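Take a look at the structure below.
The values are calculated or read from the model by the stated rules, or taken from the named source; none is laboratory data. Since the structure is predicted, the reported quantities are computational estimates derived from the model, not experimental observations. Backbone-built Cβ (ideal geometry, glycine too); neighbour counts: all protein chains shown. Side chains included, ligands, DNA and RNA excluded: accessible areas come from the protein's heavy atoms. Shrake-Rupley method; radii C 1.70, N 1.55, O 1.52, S 1.80 Å.
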Amino acid sequence: MKKEIFLCAINNILSGTCLEDCKFCTQSVRYHADIERYNYKSVDTIVEEAREAQKQGALGYCLVTAGKGLDDKKVDFVARAAAAIKSEIKNLNLIACNGTASIEQLRYLKSHGIDSYNHNLETSENYYKTICTTHTWSERYETCQNVKEVGLQLCTGGIFGMGESEEDREALLHAIASLNPQSTPLNFYHPNEALPIKSRNISRDEALEIVKKARKLLGEDKLLMVAGGRELLFDGYEALMFEAGANSMVIGNYLTTEGDAPSKDKKMLERIGYGVATTCHE
Ligand code: SF4
């Protein structure tokens with residue numbers, strides 16, 4: 001039987017309005033990156049886009065908002081969008097990605113249909129101070145613990161290639177594993193001239209080592225996704241990342257960068273001998 005790959009799609013429902021200073025992020029208003037910035041999309045648009053993503057094969061659908069974390073307005077909006085999607089579309093795993101979140105806010109999202117919460121640790125605790133000064137790594141870790149506390153599935157990972165050392169990479173992978181997440185996105189830094197981090201210090205071979213180590217640390221039954229940066233590092237070499245242990249990928253566009261067309265990705269999977277998963281295990 002063909003190994004099956006789980007596809008996930010991302011919808012940036014509030015873009016580019018963040019006041020924080022994460023040096024890798026085009027959504028920070030501080031760096032004036034040339035991206036589309038908008039306030040909340042309409043709920044109808046979000047439902048239509050979710051329907052389209054499912055048609056393209058997505059099993060997971062992630063509602064992302066820019067900003068440090070949830071506030072009353074944001075949590076209400078994401079909950080309304082989630083409830084609308086759940087009432088109209090069946091068998092779509094709904095993920096919220098809205099920054100730092102309290103137990104109460106996460107309970108509210110769960111009660112409105114959110115299945116999973118994504119909050120990335122981004123890098124090691126030690127290196128985090130170099131790439132962000134407006135909030136702490138421990139706040140990130142705490143949100144991940146809150147996710148587990150309320151019984152949502154946890155999706156947490158990070159970004160590699162932002163100037164971190166080998167030790168930082170190891171520390172990040174161990175920190176992710178300590179949270180025992182259901183799914184882990186591995187992102188590889190996509191340089192943008194507006195951002196303070198100008199280049200990417202990671203090769204394809206190093207990225208493959210990270211995928212292998214992550215698979216070993218996280219266990220065989222977990223989702224391990226190659227997310228942002230896939231097209232930069234693995235275009236034409238996708239089979240290597242799946243052989244290394246990845247079993248999931250993002251289709252369509254990322255938050256502020258374009259991805260390959262989903263039809264191209266599906267052809268790629270067929271060509272290298274993989275199937276598209278049609279149900280989540282959980
Ligand atoms: S808090 Fe999130 S949206 Fe804001 S700059 Fe950092 S990574 Fe980007």
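Of all residues being among the small types (G, A, S) and in contact (Cβ under 8 Å) with a residue 60 or more places away in the chain in region 31-65, which is surrounded by the fewest Cβ atoms within 10 Å (Cβ to Cβ)? Just the residue, please. Explain how you work it out, then say what you get.
Taking region 31-65 first, the residues among the small types (G, A, S) are 33, 42, 50, 53, 57-58, 60.
Okay, now just the ones that are also in contact (Cβ under 8 Å) with a residue 60 or more places away in the chain, so 33, 53, 57-58, 60.
Numbers: A33: 17, A53: 24, G57: 20, A58: 23, G60: 26.
This residue is A33.
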Task: Every pair of residues 6+ apart whose Cβ atoms lie under 6 Å, when the first sits in region 135-147 and is more than 15 Å from the ligand (Cβ to nearest atom) while the second is open to solvent by 30 Å² or more (accessible area, probe 1.4 Å) and assigned to a helix (DSSP H, G or I) - done: N146/I103
TODO: Kindly provide the set of residues from region 1-55 that are within 16 Å of the ligand (Cβ to nearest atom) and aromatic (F, W, Y), ordered by number.
DONE: F24, Y31, Y38, Y40
- [ ] Could you check how many residues of region 87-117 are within 12 Å of the ligand (Cβ to nearest atom), more than 16 Å from A50 (Cβ to Cβ) and open to solvent by 20 Å² or more (accessible area, probe 1.4 Å)?
- [x] 1
- [ ] Name every residue in region 157-169 that is on the phi < 0 side of the Ramachandran plot and in contact (Cβ under 8 Å) with a residue 40 or more places away in the chain, in order of residue number.
- [x] G157, I159, F160, M162, E164, E167, D168, R169
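Would a scan of region 4-21 turn up a residue that is of a type in the set (D, E, K, R), under 18 Å from the mean Cα position of the chain (by Cα) and open to solvent by 50 Å² or more (accessible area, probe 1.4 Å)? Talk me through it step by step, then tell me what you get.
Here is the first cut: in region 4-21, the residues of a type in the set (D, E, K, R) are 4, 20-21.
With under 18 Å from the mean Cα position of the chain (by Cα) added as a condition, the list becomes none.
No, region 4-21 has no match at all.
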Task: Enumerated strands (runs of 3 or more DSSP E) restricted to region 183-282, each holding at least 2 residues that are under 23 Å from Y31 (Cβ atoms) and open to solvent by less than 30 Å² (accessible area, probe 1.4 Å) - done: 183-188
